[in-house]
1. Go through Lys11/Lys109; Lys69/Lys121; Lys26/Lys85; Lys11/Lys85; Lys69/Lys109; Lys26/Lys155 and tell me which ones have a Cα-Cα distance over 25 Å in this structure.
2. Given N residues in the chain, what is its alpha carbon radius of gyration divided by 2.2 N^0.38 Å?
3. Taking the full set of protein chains and a 1.4 angstrom probe, give the accessible area of Ile7 in square angstrom, rounded to the nearest 10.
4. Amide H to amide H, which residues 5 or more places from Leu88 or on other chains are under 5 Å from it, using H placed in the peptide plane?
5. Which ³J(HN,Hα) values, rounded to whole Hz and listed in residue order, are derived for the range 47-57 from phi using the Karplus coefficients 6.51, -1.76 and 1.60 in 6.51 cos²θ - 1.76 cosθ + 1.60 with θ = phi - 60°, glycine and proline given as x?
6. Please identify the GluC sites (Glu not before Pro) of the range 30-126 that satisfy two criteria: DSSP loop assignment and at most 14 other Cβ atoms within 10 Å. Which are they?
7. For the range 2-47, what mean projected area does the convex hull of the alpha carbons give, in nm²?
8. Just the number, please: carbon plus sulfur as a percent of the accessible area of the range 6-143, 1.4 Å probe, no ligands or DNA/RNA counted.
Amino acid sequence: MTNSASIRAAKNEDLERMVDLVSRLKRLNGEFDPLLTPVDDLENEVAKYLQGMMKDSNSVVLVLEDGGKVQGVLTAKLIDRCFYKPRLVGQIADVYLMPEYRRRGMGYKLIAEAEKLLKSKGAEMIFAEFPAKNVIAEGFYRKMGFREITEIFAKETQ
């Protein structure tokens, strides 16, 4: 990692690399829980997802770039919690950094930039979503001042 690492809005030309990074994240999530096993056509689904996010004015897609190469990605979107205050919140859905960029403050910088952009779109609170068994993500978000507010329980239908 060089001192030239920067965070910026994703561009269409970043798509192939972002697909790789988000696909890595989804496969990692599957290692935490079999209910998060990725679909067979993962890369195509991730590409469609990212293209939609990049076109959506209520979404944020950021990349960490170093030496002209994308080394990390973050996706987030605005959510209307119509029953609660604050009503408009930002939800961080995906954060993935290549291993050599972890534990160097880059994740914090990605989250801070996403928070700034989501706030400018009207978000009054930020959520982060990740697998329940991902204790590394839990520790990361706790250090940034996040705390749990809901639990999601799942059961496969029979």
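The values are calculated or read from the model by the stated rules, or taken from the named source; none is laboratory data. As the structure is a prediction and not an experimental result, all values here were calculated from the model. We place every Cβ from the backbone using ideal geometry, glycine too, and count neighbours over all the protein chains shown. When the accessible area is computed, the model is the full protein with side chains, heavy atoms only, and any ligands, DNA or RNA have been set aside. Shrake-Rupley method; radii C 1.70, N 1.55, O 1.52, S 1.80 Å.
1. Working: Lys11/Lys109 19 Å; Lys69/Lys121 28 Å; Lys26/Lys85 31 Å; Lys11/Lys85 33 Å; Lys69/Lys109 17 Å; Lys26/Lys155 20 Å.
Correct reply: Lys69/Lys121; Lys26/Lys85; Lys11/Lys85.
2. Working: Rg = 15.6 Å, N = 158, 2.2 N^0.38 = 15.1 Å.
My calculation over the Cα atoms of the chain gives 1.03.
3. Ignoring ligands and nucleic acids, Ile7 comes out at about 50 Å².
4. Arg81, Glu124
5. 4, 4, 4, 5, 4, x, 4, 5, 8, 8, 5
6. Details: sites: Glu31, Glu43, Glu45, Glu65, Glu100, Glu113, Glu115, Glu124; in loops: Glu124.
Those satisfying the criteria are Glu124.
7. Details: hull surface 17.6 nm².
Orientation-averaged projected area of the Cα hull: 4.4 nm².
8. Looking at the range 6-143 in its full context, I get 51 percent from C and S.
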